[in-house]
Amino acid sequence: MLLYKDVISGDELVSDAYDLKEVDDIVYEADCQMVTVKQGGDVDIGANPSAEDAEENAEEGTETVNNLVYSFRLSPTSFDKKSYMSYIKGYMKAIKARLQESNPERVPVFEKNAIGFVKKILANFKDYDFYIGESMDPDAMVVLMNYREDGITPYMIFFKDGLVSEKF
C-alpha cells in the first residue's frame, strides 16, 4: 500500500486505499464520502450496555465527517480568489524548483498542465473547499475539494508533483 506525503511539509495527505485517478497528468482525484464516527473513540464490541454506559453513550453522540479529511487530519482553510492566486503562484514556483532538481524533464509538462488546471480552478473558484495538512504549513499543498456532477459525491484534488509516495 502507498502513502502519499506532501513534498514540502511531509504531511500525510492520501493513500492508494482511496481510488486515485490521474487527471490531465497534473493532479490526482480521490472520491471520498461522508461517514459517521463516534466521538470519544469507544469501540462497540456488540455487548449489551449497562445502564451507566447507556447514559454515557447518549452524552457522547456521533459526528458526520468526510472520511479522507478525517483519516488524514486535514483542516479546512479559506481563500478569496486573490489570496489563492498569490498562494498558488508561490506553491507552483516551489514545486517547479523541486522538479528542476529531481526530474528536470518533467518541468515543461508540469508548467503547461499546471497553468491549464489552475485556470479551471479559478474559473469555478466558488465550487471549491480548501484543506491543509496536519502541520498547517502555509507553504505546503492546499488540497481542493469539490463535488461530482451528482452534487452528492465529494472528491479531493492533489497536485501530483507535490506528492511523494512511500510504502507502508
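Where a number appears in this text, it was derived from the coordinates with a stated rule and is not lab data. Worth saying up front: this structure is predicted, and the values here are computed from it rather than measured. A quick note on method: Cβ atoms are made from the backbone with ideal geometry, for glycine too, and the neighbour counts reach across all protein chains shown.
A few remarks follow.
- Counting only DSSP H runs of at least 4 residues, each contributing -39500 (n - 2.57), and dividing by the residue count of the chain, the helix-based mean residue ellipticity at 222 nm comes to -10500 deg cm²/dmol.
- ³J(HN,Hα) computed for each position of segment 105-114 - Karplus, 6.51 cos²θ - 1.76 cosθ + 1.60, integer Hz, glycine/proline x: 5, 7, 4, x, 5, 4, 4, 4, 6, 5
- Estimated inter-spin distance, Asp19 and Tyr87, nm [label 7 Å along Cα→Cβ]: 2.9
- For Lys21, a cut-off of 17 angstrom between C-alpha atoms picks up these lysines, skipping any fewer than 8 places away in its own chain: Lys5, Lys160.
- q = 0.25, 0.26 Å⁻¹, segment 60-133: log10 I(q)/I(0) [Debye, one scatterer per Cα]: -1.15, -1.16
- Angle between the chain longest axis and helix 51-60 axis [Cα atoms, degrees, rounded to 10]: 30
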